[in-house]
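Here the structure is laid out as structure tokens; the discussion comes afterwards.
The values are calculated or read from the model by the stated rules, or taken from the named source; none is laboratory data. Fair warning: this is a prediction, and the values are worked out from it, not measured in the lab. Cβ placement follows ideal geometry from the backbone for every residue including glycine, while neighbour counts extend to all protein chains displayed.
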Amino acid sequence: MSDPQSEKQNDTHTDSDEQQILALHEAGDKALMTADLAVLSQIFADDYVQYNEAGQAFTKQDILNNFRTGAIRYPSIISTARKIRLFGDTAVVHGAESDEVETNGKRSAVRYVYMDVLRKRDGEWKLVASQLARPG
């Protein structure tokens with residue numbers, strides 16, 4: 001069993017923050033594949049905005065509603081690259097993934113590159129913004 005005091009001290013270290021952000025992304029991938037709305041609600045900040053590859057904006061509620069109605073599903077998400085950069089209580093994550101996406105019942109394979117912005121609020125990292133793109 002770990003000592004809570006030493007864990008609290010480690011929270012200020014970059015390694016701990018990077019581990020928390022990596023764990024958040026891994027939990028997010030799993031939640032996207034299982035449409036776990038409770039987990040996604042915790043990961044996305046209330047003011048979260050995602051821009052898709054066409055430049056269309058989606059709020060946290062838009063994304064949760066798309067999963068709730070089944071308009072979108074991710075049967076498979078495979079992260080192929082992820083780099084975390086920390087700037088105090090803000091982090092930028094650049095990554096790439098190969099996904100199976102089902103939109104309105106039609107399944108397709110999609111490769112994305114993305115940039116996520118996270119903020120540490122009340123000691124917890126939350127996703128506040130994302131930009132998706134499809135590499136050429």
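Some observations on this one:
- Scanning the stretch 38-47 for residues that are closer than 23 Å to Ser76 by Cα and touching a strand residue (DSSP E or B) at 6+ places or on another chain (Cβ under 7 Å), we see that the one that is surrounded by the most Cβ atoms within 10 Å (Cβ to Cβ) is Phe44.
- Any hit, the stretch 15-37, residues being at pLDDT below 95 and loosely packed, with under 11 Cβ neighbours inside 10 Å: yes
- Number of residues in the stretch 72-86 that are in contact (Cβ under 8 Å) with a residue 24 or more places away in the chain and either surrounded by 13 or more Cβ atoms within 10 Å (Cβ to Cβ) or touching a His at 6+ places or on another chain (Cβ under 7 Å) (or both) equals 9.
- Test: Thr12 is at pLDDT below 95, of a type outside the set (Gly, Ala, Ser) and either assigned to a strand (DSSP E or B) or touching an Asp or Glu at 6+ places or on another chain (Cβ under 9 Å) (or both): no
- Within the stretch 102-132, considering residues that are among the acidic types (Asp, Glu) and surrounded by 13 or more Cβ atoms within 10 Å (Cβ to Cβ), the one nearest to Glu26 (Cα to Cα): Asp116
- Number of positions in the stretch 63-72 that are within 15 Å of the chain's Cα centre (by Cα) and either more than 16 Å from Arg107 (Cα to Cα) or of a type outside the set (A, V, I, L, M, F, W, C) (or both): 2
- Boolean, Thr80 is within 17 Å of Leu22 (Cβ to Cβ), polar (S, T, N, Q) and at pLDDT below 95: yes
- Residues of the stretch 48-85 that are over 14 Å from Asp99 (Cβ atoms), of a type in the set (Val, Ile, Thr) and touching a strand residue (DSSP E or B) at 6+ places or on another chain (Cβ under 7 Å): Val49, Thr59, Ile63, Ile84.
- Of the residues screened, Asp99 is not one that is surrounded by fewer than 16 Cβ atoms within 10 Å (Cβ to Cβ), part of a strand (DSSP E or B) and of a type in the set (Asp, Glu).
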